[in-house]
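Worksheet: the structure to be examined is printed underneath.
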Amino acid sequence: MAFELDPFMKSTMLLVVLLNPFLMSIYLLDMIQTLDDRTFNQILTRGSLIATGVFCVFAAGGDAIFQDVLQVRFASFLVFGGILFLLIGVRFAQDGPEALTQLRGAPGHLAGAIAMPFMVGPGTVSASILAGARLPVVWALVSIVAAMSVTVGGLVVLKAIHTRVQQRNVELVDRYVDVIGRASALLIGTIAIDMVLSGLELWARDALGV
């Protein structure tokens, strides 16, 4: 398979859109508030390396990883991922960004918590599989690395902006963060329900021929 720029750009942009540094910053809001820039960047880098490794495996192995290796349906992955995000959305609505603090461990273990479920999810895994189908394996991996670099760079910039603004007006930033965090529960819940419905539709199509 020869390299083509158009599918490379489409694959890269799809993954960037799904990862969405702005939405990711909402998921990681409590970490952005409480960790210093250096610690946050180190944890973010480790988490992104874990996610990149997972994406590369799926890009190289394709959907066969679910069917032949794990021997599960991709629809099950969609449904469970949707339920997980729905629970997160409910916690967001009740407690705001602080809700996610209880879902994570000590800072040394936060890298895995960033990778799952905030980076590695049904949408991003599907995009990785699609990149592997569109492009030669090497270029699919390059596409994934490029998308992850853009995402991490965006989060680092957003964290730096938050730190500088917070130093000037702590109360205003805290009030804004709490409102945005709770409002984002609607978006998180909507994404979650859509994932569950997509999984059920895929299951019905495969099992019932609907």
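The values are calculated or read from the model by the stated rules, or taken from the named source; none is laboratory data. Just so we're clear, the structure is a prediction, and the values are computed from it rather than from any experiment. Cβ placement follows ideal geometry from the backbone for every residue including glycine, while neighbour counts extend to all protein chains displayed.
A Cβ distance below 7 Å, combined with a sequence gap of six or more or placement on separate chains, defines the contacts here; from segment 187-210, residues that are loosely packed, with under 13 Cβ neighbours inside 10 Å reach residues that are part of a helix (DSSP H, G or I) in the pairs 206/75; 210/204.
Of all residues in segment 1-22, those that are in a helix (DSSP H, G or I), surrounded by fewer than 16 Cβ atoms within 10 Å (Cβ to Cβ) and under 13 Å from the mean Cα position of the chain (by Cα) total 2.
For every residue, the table says whether it meets (1) farther than 19 Å from residue 136 by Cβ; (2) in contact (Cβ under 8 Å) with a residue 40 or more places away in the chain; (3) not hydrophobic (A, V, I, L, M, F, W, C).
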{"residue": "12", "(1), (2), (3)": "no, yes, yes"}
{"residue": "16", "(1), (2), (3)": "yes, yes, no"}
{"residue": "46", "(1), (2), (3)": "yes, yes, yes"}
{"residue": "61", "(1), (2), (3)": "no, yes, yes"}
{"residue": "65", "(1), (2), (3)": "no, no, no"}
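Residues being touching a Ser or Thr at 6+ places or on another chain (Cβ under 8 Å), modelled with pLDDT under 80, assigned to a helix (DSSP H, G or I) and crowded, with 18+ Cβ neighbours inside 10 Å are represented in segment 29-39 by at least one member. The numbered conditions (1) over 27 Å from residue 76 (Cα atoms); (2) at pLDDT 80 or above; (3) of a type in the set (D, E, K, R) are all true for residue 182 except (2). Number of residues in segment 46-88 that are at pLDDT 90 or above, among the β-branched types (Val, Ile, Thr) and surrounded by fewer than 19 Cβ atoms within 10 Å (Cβ to Cβ): the value is 3.
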